[in-house]
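Report on one structure; see the data block that follows.
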Amino acid sequence: MIFVDSYDTLDLETEGRAIETHERFPEKINVEFVQVLSRTELNMKVWERGAGITLACGTGACAVLVAAHLTGRAEDRALIHLPGGDLDIHWDKATGHVFKTGPATLVFEGRMKI
């Protein structure tokens, strides 16, 4: 993940793709771009390997909270804003578990005849 001061100068598609496909990551990676609003509120944008820009990534949001906390940027609980909706993430350091709370929304339904 990359902490940014602002999304104003971020070219998510160019930078996300460049990092995902960098030679250091032969199997490609997801990239989270994070703007710290306060110690309890973060903005996050996601570039997922093989998919590009996505609306959200729950596991990425959990990793962002832990990394932000370990680097002194956030508390052990924060609201993370993603284009697809907000997630409340809490890291219980006593158990090592990370808890994620947020809405689930149906975004696609399909049928396939085999």
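Side notes on the structure shown:
- When shorter helices are ignored and each DSSP H run of at least 4 residues is given -39500 (n - 2.57), the per-residue value for the chain at 222 nm works out to -6000 deg cm²/dmol.
- Likely footprinting exposure, ILE2, ILE80, ILE19, fewest C-beta neighbours within 10 Å first: ILE2, ILE19, ILE80
- Each residue in CYS57, CYS62 was given a count of other beta-carbon atoms within 10 angstrom of its own, and listing them fewest first yields CYS62, CYS57.
- Take the Cβ atoms of PHE25 and LYS100, set R0 to 22 Å, and the FRET efficiency comes out at 0.30.
- Placed amide H near ILE53: partners under 5 Å, 5+ positions off or other chain: GLU48
- Rounded to 0.05, the FRET efficiency of the ILE53 and ILE114 pair, given R0 = 35 Å and the Cβ-Cβ distance, is 0.70.
- Efficiency of FRET between ALA67 and LEU12 - r from beta-carbon atoms, R0 22 angstrom, step 0.05: 0.70
- Neighbour count of at most 15 Cβ within 10 Å plus DSSP loop: longest GluC sites (Glu not before Pro)-free window in the chain: 28-74
- Per-residue Karplus couplings for segment 93-102, computed as 6.51 cos²θ - 1.76 cosθ + 1.60 with θ equal to phi - 60°, are listed in order as 5, 5, 9, x, 8, 10, 10, 10, 10, x Hz, Gly and Pro entered as x.
- Shape summary of the chain, radius of gyration then Dmax from alpha carbon positions: 15.2, 52 Å.
- When exposed loop sites are taken as trypsin sites (Lys or Arg not before Pro) in a DSSP loop with at most 16 other Cβ atoms within 10 Å, the longest stretch of the chain clear of them is 50-92.
- Cleavage-rule hits (chymotrypsin sites (Phe, Trp or Tyr not before Pro)) in segment 46-113: DSSP loop, at most 16 neighbouring Cβ within 10 angstrom: PHE108
- Projecting the Cα atoms of GLY60, LEU37, GLY16 onto the charge dipole of the chain, computed from C-beta unit charges around the Cα centre, puts GLY60 farthest toward the positive end.
- Hz values of 3J(HN,Hα) by residue in segment 28-36 - Karplus curve (6.51, -1.76, 1.60), Gly and Pro given as x: 6, 9, 7, 10, 10, 10, 10, 10, 7
- Computed over segment 1-63, Kirkwood Rh from alpha-carbon pairs, angstrom: 12.1 Å
Throughout, read-outs are computed from the coordinates displayed, never taken from laboratory work. Everything numeric in this text was worked out from a predicted model, so none of it was measured. Cβ coordinates were reconstructed from backbone atoms using ideal geometry, including for glycine residues, and neighbour counts include every protein chain displayed.
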